[in-house]
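Below is one structure; the comments refer to it alone.
The values are calculated or read from the model by the stated rules, or taken from the named source; none is laboratory data. A quick note: this is a predicted structure, and the numbers were derived from the prediction, not measured. Heads up, the Cβs are rebuilt from the backbone with ideal geometry, glycines too, and the neighbour counts pull from every protein chain shown. SASA here: full protein model, heavy atoms, side chains in, ligands and nucleic acids out. Shrake-Rupley method; radii C 1.70, N 1.55, O 1.52, S 1.80 Å.
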Amino acid sequence: MTPLFVKIKPGSFKDEIVFDIEGNLIIKIREKPIDGAANDYLIKFLSKEFKINKSNIQIEKGLTSPFKKLLLNLTSEEIEVLLSKYRK
């Protein structure tokens, strides 16, 4: 499994994946961080967005933090291809 470091912004106006000016991956989600709902929603959102099964996405670190280490059951090359469409 390949690690992916992200910053999550729960309670956002819309769901989207963006990169800041420093190249950091930011994932904005509408769900609010109440009782782990945002973490569950994050996995569902990424599964749909990347077209992979939810079981291929795990949150390894940062369950209660906006900074998370995700593990994706993809190669680093596959992840780069997926993320390339979000880079501007």
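When the dipole is taken about the Cα centre of the chain, and only Lys, Arg (+1) and Asp, Glu (-1) are charged at their Cβ, what size is it in debye, to the nearest 20? The partial results should precede the final answer.
Working: 16 positive and 12 negative charges, 49 e Å.
The calculation lands at about 240 debye.
What accessible area per residue comes out for the chain, rounded to a whole number of Å², with a 1.4 Å probe?
66
Of all DSSP beta bridges in the chain, what percent run antiparallel (nearest 5)? Don't skip to the answer; put the middle values down first.
On the way: 14 of 17 bridges.
Counting DSSP beta bridges with both partners in the chain, the antiparallel share is about 80 percent.
Of the accessible area of the chain, with the probe set at 1.4 angstrom, what percent is carbon plus sulfur?
Ligands and nucleic acids excluded, carbon and sulfur reach 53 percent.
Once you keep just the Cα pairs under 8 angstrom separated by 6 or more residues, what percentage relative contact order results for the chain?
33
Give me the distance in nm between label points sitting 7 Å out from Cα along the Cα-to-Cβ direction at Ser47 and Leu71, one decimal.
Distance between label points: 1.7 nm.
Can you give the helix-only mean residue ellipticity at 222 nm for the chain, where every DSSP H stretch with n ≥ 4 adds -39500 (n - 2.57) and the sum goes over all residues, rounded to the nearest 500 deg cm²/dmol?
-8000 deg cm²/dmol
Starting with the highest mean, order 17-24, 34-41 by the number of other Cβ atoms within 10 Å, averaged over the residues of each peptide.
Result, highest mean first: 34-41, 17-24.
Counting only other residues whose beta carbon sits under 10 Å from that of Gly11, what net charge do I get with K and R as +1, D and E as -1?
My count for the surroundings of Gly11 gives +3.
Summing +1 for each Lys or Arg and -1 for each Asp or Glu, what net charge is found among the other residues whose Cβ lies under 14 Å from the Cβ of Lys61? The partial results should precede the final answer.
Values: positive: Lys7, Lys68, Lys69; negative: Glu60.
Its environment carries a net charge of +2.
What distance in nm lies between label points placed 7 Å from Cα along the C-beta direction at Asp35 and Tyr86?
Rounded to a tenth, the inter-label distance reads 2.8 nm.
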